[in-house]
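Peer 1: Mind looking over this structure? Questions follow.
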Amino acid sequence: MEKGSEFVVGSESMHLEEPWFTGMDTEETEMGQPNSEIQGFRLEKGEASNMVFSTEAPLVIKESPTSGSCSCSLKKIKSTVAPKGSEFCQKDKSGHDKKLSRQYRIELGQLFQGAVSSHDWELAESLILSADPQTLNDALCVTLDAIWFLSTQQELYGITDLIKKIIANGAYDFTRAALRTSFLASCVSACQSRTMTLADTVTVMAQRLHERLQECHGDEVLKAEAGAKVQKFTEWALKCIGSHSRCQGSNDRVNHCSAIEIQLQLTAFKTFLDLAGNQLTGKDFTEAFDAACFPLTLFSSSFDAGWASGISATVIQGLLDMLVEGGADNVNQCFLEASRFGSTELVRILLQIAQRNSLDVDVDLALGFASHYCKIGTMECLVEEGNAMAFLGPLMRAAERGCMQVVQWFVKRGCRDMELCLALTAATSSSQVGVAAYLLPHVPKHVLTALSIEILKAAGERSGGSLDGVAFLLHSDFLGDAAATYAVADSIAKSDDEAVAPELRAFVQEHWSEAAFLDGLKQGQQHYMKLMRILKRGESPICLRDLPAPLRVGIAYMPLYRECVEVGGRLLSQRLRGQLVEAVRMLGGGSLEEVSQAGELLATLEHHLPPFLVRAPSVG
């Protein structure tokens, strides 16, 4: 998980041709190359799907300056098709294989698109009689795309009959049709998530795609190329939706379907699957499932809470269910991917699909992905609806990274004492002092007391060179008893256990052991003797003896005072404590060797300092 995700572009060819642009507002459509690369967002092995989205690049579109409404003239279409149709038929009767020129295919495609959009089934059927196999494959895609905009039983009969005749006349590329229409159906459902214009939807999609690419690791050029392809194809889908929406009379907004309309649309798709039969393989269903899930990860940020349970999601739920029944075996991969990108509503849908089809999805691993990328809403869904219970791993990783928001979420959800203790150890070892400070009060004292030596040993072993976390625990008096905390540190300093990291042993020996305290006392005595020599033998033009006593104390002990204040915490290291105890004794404050709390020791020294040198508030 720490490696993130890897963006790759595969080299496998699927022999997919570019689709016609399905909108009514085009003047020219250029067909692309038949062989195109598969692009995918792939995570490291074991993380998620090998292919999240797989399809051909979109066609290049030249917009009509007069586009914007579905004002096609059936009379013009019908008058145009007669001479063209005779030319097509003559070519077929010549004895050669029926293969149309590029220009004829473009014109025929536009005519066919107009007929389908206007529900002129008779005209559409007459056009397919003049089509070559490649054009028939395109016609199958265009017709199948239109099923997601059906609204009446009559339209259902017309479009299913048309699909049957296209297949009967030689259309064979069921794979491309299934992938393309699955992608489009997902976009249609996503655009019904709230009342925003399609222009707004394009903006949301582009922003989300950019964010997703930023979250991926890999070659920047490949990411840019594949991202551009995905964005263009998604923009194609949104233009297609916009065209159909305008034909249905809406003003650049996506109509919300009724339950009856949704049933008609799903019936039409089921008819297509039945007609395709065994020509669609399990791999085809798997890739179509990927294609359907992918847009939902892009649009997830625009979904209203609970969208997955509303009528707008019914179509995509029905579509995904049929793809699973057909043989899609990547529900868990898509589920993990959705969790990783925080697509909460898709996660909710896939949980429901897995339950209805008795499929296993790894909710605990998904929780790990969601928490790693701080997807709090998805985490809540996985715990509350997916019954994810494995908190320890995600909590420890969040503590190691210093992700306070995730750590706080887990703690508030409720963690076992040992989970909290291990998370504290993880934060300490990676010197995440803020997280350690948050976790420390939540770990019961009896747990800390029982495991104190093991906590410090583990933190030292995995410290990576910094022992700031260990120092924080000791300064904080993590056992709540100064004598016990000092004793634990001294025990590690004297230990010959090979499990104790050499760096940790050296650190506590120098600063936190009994020997360090004695050395601090000795340093304090030496410091005092040097001061006395300066007072008696110093040749400075400033006579220190003539200064007020508080100023002399300030000159003598201000560096030590400042160091102690800056360290903070309840306890001082034994070395600093020894120096401070000796300083107080020399100033006539008595013997404070039994005093451990930093605040009490500093307060005694502050009594002898000039008030303007004392920091407020005092450490305590």
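The values are calculated or read from the model by the stated rules, or taken from the named source; none is laboratory data. Only a predicted model underlies this, so the values are computations on that prediction, with no experimental measurement involved. Cβ atoms come from the backbone with ideal geometry, glycine included; neighbour counts cover every protein chain shown. Heavy atoms of the whole protein, side chains included, go into the accessibility calculation; ligands, DNA and RNA do not. Shrake-Rupley method; radii C 1.70, N 1.55, O 1.52, S 1.80 Å.
Peer 1: For the range 447-479, give me the residue count where each residue is open to solvent by 30 Å² or more (accessible area, probe 1.4 Å), closer than 22 Å to residue 575 by Cβ and small (Gly, Ala, Ser).
Peer 2: Result for the range 447-479: 2.
Peer 1: Filter the range 552-603 for residues that are within 22 Å of residue 474 (Cα to Cα), modelled with pLDDT under 85 and either β-branched (Val, Ile, Thr) or in contact with an Asp or Glu (Cβ under 7 Å, 6 or more places away or on another chain) (or both) and give the result.
Peer 2: Passing the criteria: only 595.
Peer 1: Among the residues of the range 168-212, what is the count of those that are at pLDDT 80 or above and either open to solvent by less than 30 Å² (accessible area, probe 1.4 Å) or within 14 Å of residue 294 (Cα to Cα) (or both)? Even if it seems obvious, please write down each step before you answer.
Peer 2: As a first pass, look at the range 168-212 and keep what is at pLDDT 80 or above: 168-189.
Cutting the leftovers down to either open to solvent by less than 30 Å² (accessible area, probe 1.4 Å) or within 14 Å of residue 294 (Cα to Cα) (or both) gives us 171, 173-189.
Of the residues in the range 168-212, 18 are at pLDDT 80 or above and either open to solvent by less than 30 Å² (accessible area, probe 1.4 Å) or within 14 Å of residue 294 (Cα to Cα) (or both).
Peer 1: Can you name every residue in the range 379-394 that is small (Gly, Ala, Ser) and surrounded by fewer than 16 Cβ atoms within 10 Å (Cβ to Cβ)?
Peer 2: Across the range 379-394, the qualifying residue is only 390.
Peer 1: Of these, 471, 506, 450, 489, which one is in a helix (DSSP H, G or I) and either under 33 Å from the mean Cα position of the chain (by Cα) or under 27 Å from residue 586 (Cβ atoms) (or both)? Lay out the reasoning, then the answer.
Peer 2: Numbers: 471 fails: either under 33 Å from the mean Cα position of the chain (by Cα) or under 27 Å from residue 586 (Cβ atoms) (or both); 506 fails: either under 33 Å from the mean Cα position of the chain (by Cα) or under 27 Å from residue 586 (Cβ atoms) (or both); 450 fails: either under 33 Å from the mean Cα position of the chain (by Cα) or under 27 Å from residue 586 (Cβ atoms) (or both).
Residue meeting the stated conditions: 489.
Peer 1: For the range 107-145, which residues satisfy the criterion of being among the charged types (D, E, K, R) and touching a Ser or Thr at 6+ places or on another chain (Cβ under 7 Å)?
Peer 2: Narrowing the range 107-145 to residues among the charged types (D, E, K, R): 107, 120, 122, 125, 132, 138, 145.
Listed by number, the list holds a single entry, 145.
Peer 1: Scan the range 132-152 and tell me whether some residue there is open to solvent by 10 Å² or more (accessible area, probe 1.4 Å) and more than 26 Å from residue 259 (Cα to Cα).
Peer 2: Looking through the range 132-152, at least one residue is open to solvent by 10 Å² or more (accessible area, probe 1.4 Å) and more than 26 Å from residue 259 (Cα to Cα).
Peer 1: Turning to a different aspect of this structure: Report, ordered by the first and then the second residue, all pairs with beta carbons closer than 7 Å, sequence separation of six or more or different chains, a first member in the range 335-354 that is part of a loop (DSSP other than H, G, I, E, B), and a second member that is open to solvent by less than 10 Å² (accessible area, probe 1.4 Å).
Peer 2: Qualifying pairs under 7 Å: 341/212; 341/297; 342/370; 342/378; 343/296; 343/297.
Peer 1: Go through the range 453-468 and give me each residue that's part of a helix (DSSP H, G or I) and either touching a Phe, Trp or Tyr at 6+ places or on another chain (Cβ under 7 Å) or among the β-branched types (Val, Ile, Thr) (or both).
Peer 2: Applying the first criterion (part of a helix (DSSP H, G or I)) to the range 453-468 yields 453-461, 468.
If the condition is that a residue be part of a helix (DSSP H, G or I) and either touching a Phe, Trp or Tyr at 6+ places or on another chain (Cβ under 7 Å) or among the β-branched types (Val, Ile, Thr) (or both), then 453, 455 are the ones that fit.
Peer 1: Let me ask something else. For residues that are free of Cβ contacts under 8 Å to residues at least 40 places away in the same chain, in contact with a Lys or Arg (Cβ under 8 Å, 6 or more places away or on another chain) and part of a helix (DSSP H, G or I), tally how many sit in the range 367-385.
Peer 2: Result for the range 367-385: 4.
Peer 1: Okay, next question. How many residues are under 10 Å from residue 520 (Cβ atoms) and not in a helix (DSSP H, G or I) if we restrict to the range 558-600?
Peer 2: Residues that pass the stated criteria total 2.
Peer 1: I need every pair where a residue in the range 278-291 that is open to solvent by 30 Å² or more (accessible area, probe 1.4 Å) has its Cβ under 7 Å from the Cβ of a residue that is part of a helix (DSSP H, G or I) and at pLDDT 95 or above, sequence separation at least 6 or different chains.
Peer 2: 279/174
Peer 1: Still on this model: Among (1) crowded, with 17+ Cβ neighbours inside 10 Å; (2) under 30 Å from residue 586 (Cβ atoms), which single condition is residue 530 missing?
Peer 2: (1)
Residue by residue, here is whether (1) at pLDDT 95 or above; (2) closer than 16 Å to residue 305 by Cβ; (3) β-branched (Val, Ile, Thr) holds:
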position	(1), (2), (3)
354	yes, no, no
357	no, no, no
362	yes, no, no
366	yes, no, no
371	yes, no, no
379	yes, yes, no
388	yes, no, no
394	yes, no, no
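Peer 1: Same structure again: Does the range 415-423 include one or more residues that are closer than 22 Å to residue 570 by Cβ and in contact (Cβ under 8 Å) with a residue 40 or more places away in the chain?
Peer 2: Looking for residues that are closer than 22 Å to residue 570 by Cβ and in contact (Cβ under 8 Å) with a residue 40 or more places away in the chain, one finds none in the range 415-423, hence no.
Peer 1: Any residue in the range 434-446 that is open to solvent by 30 Å² or more (accessible area, probe 1.4 Å) and within 26 Å of residue 509 (Cβ to Cβ)?
Peer 2: Of all residues in the range 434-446, those open to solvent by 30 Å² or more (accessible area, probe 1.4 Å) come to 434, 437-438, 441-442, 444-446.
Imposing the further condition that a residue be within 26 Å of residue 509 (Cβ to Cβ) reduces the set to 437.
Yes, the range 434-446 contains at least one residue that is open to solvent by 30 Å² or more (accessible area, probe 1.4 Å) and within 26 Å of residue 509 (Cβ to Cβ).
Peer 1: Please work out which one of (1) within 27 Å of residue 501 (Cα to Cα); (2) assigned to a helix (DSSP H, G or I); (3) open to solvent by 10 Å² or more (accessible area, probe 1.4 Å) is the condition residue 412 fails and give its number.
Peer 2: Going through (1) within 27 Å of residue 501 (Cα to Cα); (2) assigned to a helix (DSSP H, G or I); (3) open to solvent by 10 Å² or more (accessible area, probe 1.4 Å) one by one, residue 412 breaks only (1).
Peer 1: Out of (1) touching a residue at least 12 places away in the same chain (Cβ under 8 Å); (2) open to solvent by less than 90 Å² (accessible area, probe 1.4 Å), the odd one out for residue 487 is which?
Peer 2: (1)
Peer 1: Do any helices (runs of 4 or more DSSP H) lying entirely in the range 247-332 carry at least 1 residues that are modelled with pLDDT of 90 or more and under 26 Å from the mean Cα position of the chain (by Cα), and which ones are they? Before you say what the answer is, go through the steps one by one.
Peer 2: On the way: elements: 259-276, 282-299, 314-326.
In the range 247-332, the matching helices (runs of 4 or more DSSP H) lie at 282-299, 314-326.
Peer 1: Inside the range 434-486, can you point out the residues that are under 21 Å from residue 407 (Cα atoms) and of a type in the set (Ser, Thr, Tyr)?
Peer 2: 438, 463, 476
Peer 1: Can you report the number of residues in the range 335-350 which are open to solvent by 10 Å² or more (accessible area, probe 1.4 Å) and more than 13 Å from residue 371 (Cα to Cα)?
Peer 2: 2
Peer 1: Hey, among 329, 290, which residue is over 19 Å from residue 184 (Cβ atoms) and either of a type in the set (D, E, K, R) or in contact with a Lys or Arg (Cβ under 7 Å, 6 or more places away or on another chain) (or both)?
Peer 2: Values: 290 fails: over 19 Å from residue 184 (Cβ atoms).
329 is the lone residue from the list that is over 19 Å from residue 184 (Cβ atoms) and either of a type in the set (D, E, K, R) or in contact with a Lys or Arg (Cβ under 7 Å, 6 or more places away or on another chain) (or both).
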